[in-house]
Amino acid sequence: ALEGILDNLSLAAKSLQTQTTKITKHYHVTIAEWRLLRQIQNQVITQDAMAEALQLDTSTLSRQLKSLTSKELVSKTAVGKDRRQLEYALTATGHGTLTNIDTDYQALIDAVFHYWPEDEQQMMKIMLNRLSRSLDRADSILEEDTQ
């Protein structure tokens, strides 16, 4: 049955979430904080840019940045004429933590896809992209019906 596809996808997503949480927890960060560390490494260094990139509201983002700062994984610098704009950077500890998590996460991915031939990996990417687009389309159709 078709609903089985989405059930399987949901179970796989839960399993991935559990295993990823295990990795990030080992380094004393959450998955959300790990995503934030990655953004900062990629030079997304202002709160506005981070909120945009991660689709987060400012209060959630502020809480995560405060947590990362108190764990001494990121530092902040006041910039601009009035020094009210903050820019964030990874500390040496932050770099180390990010490298360790990324390495462990890559090992997880490698283990998951170890026996998958390249063409099946590509097909999975294509199918998941198509599924994602179909879900977005279905969502907008349902939105129109409820207005």
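When a/c is below 1.5 the answer is rounded, else prolate if a/b is larger than b/c, else oblate, so apply that to segment 88-147 with a ≥ b ≥ c taken from the square roots of the Cα gyration tensor eigenvalues. Don't jump to the answer; show the numbers that get you there.
On the way: a/c = 4.87, a/b = 1.50, b/c = 3.26.
Note, shape of segment 88-147 comes out oblate.
Please report the net charge: other residues with Cβ closer than 15 Å to the Cβ of Leu131, K and R +1, D and E -1. That works out to 0. Using just its DSSP H runs of length 4 or more, each adding -39500 (n - 2.57), the chain gives a mean residue ellipticity at 222 nm of -24500 deg cm²/dmol after division by all residues. Between the C-alpha center of segment 22-48 and that of segment 110-147 there is a gap of 25 Å.
Which entries of Lys14/Lys66; Lys71/Lys125; Lys66/Lys125; Lys22/Lys125 show an alpha-carbon separation above 30 angstrom in the structure shown? Provide the component values of the computation, followed by the final result.
Numbers: Lys14/Lys66 27 Å; Lys71/Lys125 36 Å; Lys66/Lys125 35 Å; Lys22/Lys125 25 Å.
Over 30 Å apart, Cα to Cα: Lys71/Lys125; Lys66/Lys125.
Taking the Kirkwood radius as Rh and the Cα radius of gyration as Rg, the chain has a ratio of Rg/Rh equal to 1.06.
Could you give the dipole magnitude of the chain about its Cα centre, charging the beta-carbon of Lys and Arg +1 and that of Asp and Glu -1, in debye to the nearest 20? It would help to have the intermediate numbers written out before the result.
On the way: 16 positive and 20 negative charges, 168 e Å.
Dipole magnitude for the chain comes out near 800 debye.
Scanning residues 5 or more positions from Thr91 or on other chains, those with amide H under 5 Å from its amide H are Val74, Ser75, with H placed 1.01 Å from N in the peptide plane.
Within the chain, what whole-number % of the accessible surface is contributed by carbon and sulfur, with the 1.4 Å probe and all protein chains included in the calculation? Please report the intermediate quantities before stating the final value.
Details: 5750 of 10610 Å².
Of all accessible area on the chain, carbon and sulfur atoms account for 54 percent.
Summed over the residues of segment 54-147 and divided among them, the accessible surface reaches 75 Å² per residue at a probe radius of 1.4 Å.
Within segment 80-147, list the chymotrypsin sites (Phe, Trp or Tyr not before Pro) lying in a DSSP loop whose Cβ has at most 13 other Cβ atoms in a 10 Å radius. Please list the in-between numbers first.
On the way: sites: Tyr88, Tyr105, Phe113, Tyr115; in loops: Phe113, Tyr115.
Hits after loop and neighbour filter: Phe113, Tyr115.
Comparing Ala107, Ala78, Ala49 in a Gaussian network model of the chain (Cα springs below 10 Å), the most mobile by mean-square fluctuation is Ala78.
The values are calculated or read from the model by the stated rules, or taken from the named source; none is laboratory data. This structure is a prediction, so every number in the text was calculated from the model and none was measured. Here the Cβ is made from the backbone with ideal geometry for all residues, glycine too, and neighbour counts use every protein chain on show. When the accessible area is computed, the model is the full protein with side chains, heavy atoms only, and any ligands, DNA or RNA have been set aside. Shrake-Rupley method; radii C 1.70, N 1.55, O 1.52, S 1.80 Å.
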